[in-house]
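Data block below; observations after.
The values are calculated or read from the model by the stated rules, or taken from the named source; none is laboratory data. The model shown is predicted, which means the values in this text are computed figures rather than measured ones. Glycine gets a Cβ as well: all are built from the backbone with ideal geometry, and neighbour counts include every protein chain shown. Ligands, DNA and RNA are excluded from the accessible area calculation, which covers all protein heavy atoms including side chains. Shrake-Rupley method; radii C 1.70, N 1.55, O 1.52, S 1.80 Å.
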Amino acid sequence: MSRSGHFAVVTGASTGIGFELARLAVEARHDVLIVAEEAEIEAAGRQLATMAVSVETLRADLATEHGVAALFERIGTRRVDYFMANAGVGLGHAFLDQEWGEIARVIDLNVKGTTAMLHRILQGMVEHGAGRVLVTGSIAGMIPGSYQAVYNASKAYLDNLSLALGAELEDTGVTVTCLRPGPVDTPFFERAHMEDTPVGQDEGKADPAKVARDGYEAMMKGQSGITPGFMNKVQAALTGVLPEPVLAQMHRRMARPEEEE
């Protein structure tokens, strides 16, 4: 066991925000289980393990029932103190140009898989009367996502689910925090086929380490949600003022591929 005796699980931890969240948990002397579908999860585990704490890795596809089952088989009877649900996938380009298999995967991972994990993790936390959960939603969930329609819809689901669960679990000792970042400098845009979009090419993306720290600290404080970055806060405020069609057109200009201009 680690010096603190606490156990943290971080999904989508091979790179980016998830890796940085895992690093923060390791620095806090927690036992950590990091999970991702990518082979890079093993390298991430080796890098974190140099800090002389217990770090386990699991390569599993959390978009599938088999992958979710593999995660809980690895957790076993251990009590999860901190659960950071960061695994997710994006998908750019026009809805009708996307392959159905890719669309289904966004829904299966971002919505179905994450919901299944939360349902089981939160049951155990409430039973023990303590626990902290961080869900990586997105500011994208507040905006109709032209050229990212399914992804933004999946993040709207997660944003709303997180806030609703947090309210339901008041007075249980368990908190749910929603992290709603804007564009972050991670492999997300490459994996989402969005290198040819203005947002994908923008060099002003946020530092994943800073975003992760903001989210981690908000989780530890039991906050309901956090939107890191001043301009992201401004954009979030505008979503409550501007009509949805205007927001959709704004997003269209950010996410439309260059060849469709």
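Can you tell me which residues in the stretch 66-97 are open to solvent by 50 Å² or more (accessible area, probe 1.4 Å) and either closer than 19 Å to residue 158 by Cα or among the hydroxyl-bearing types (Ser, Thr, Tyr) (or both)?
Matches in the stretch 66-97: 77 only.
Can you work out which of the residues in the stretch 159-178 that are more than 17 Å from the chain's Cα centre (by Cα) and surrounded by 17 or more Cβ atoms within 10 Å (Cβ to Cβ) is nearest to residue 132 (Cα to Cα)?
The qualifying residue nearest to residue 132 (Cα to Cα) is 174.
Among what's in the stretch 66-92 and is over 22 Å from residue 15 (Cβ atoms) and free of Cβ contacts under 8 Å to residues at least 24 places away in the same chain, pick the residue that is farthest from the chain's Cα centre (by Cα). First the steps, then the outcome.
To start, the set of residues in the stretch 66-92 that are over 22 Å from residue 15 (Cβ atoms) comprises 66, 69, 72-73, 75-81.
Next cut, free of Cβ contacts under 8 Å to residues at least 24 places away in the same chain only: 66, 69, 73, 76-77.
Values: 66: 20, 69: 19, 73: 22, 76: 23, 77: 25 Å.
Per the stated criteria, the residue is 77.
Of the numbered conditions (1) open to solvent by 20 Å² or more (accessible area, probe 1.4 Å); (2) touching a helix residue (DSSP H, G or I) at 6+ places or on another chain (Cβ under 7 Å); (3) closer than 20 Å to residue 21 by Cβ, residue 117 fails exactly one; give the number of that condition.
Only one criterion is unmet by residue 117, namely (1).
Could you count how many residues in the stretch 154-209 are at pLDDT 70 or above and in contact with a helix residue (DSSP H, G or I) (Cβ under 6 Å, 6 or more places away or on another chain)?
Total meeting the criteria: 17.
Does the stretch 22-63 hold any residues that are of a type in the set (Val, Ile, Thr) and open to solvent by less than 10 Å² (accessible area, probe 1.4 Å), and which are they?
As a first pass, look at the stretch 22-63 and keep what is of a type in the set (Val, Ile, Thr): 26, 32, 34-35, 41, 50, 53, 55, 57.
Result: 26, 32, 34, 35, 41.
Would you check if there is a residue in the stretch 98-110 being open to solvent by less than 50 Å² (accessible area, probe 1.4 Å) and within 28 Å of residue 77 (Cβ to Cβ)?
Yes: the stretch 98-110 contains one or more residues that are open to solvent by less than 50 Å² (accessible area, probe 1.4 Å) and within 28 Å of residue 77 (Cβ to Cβ).
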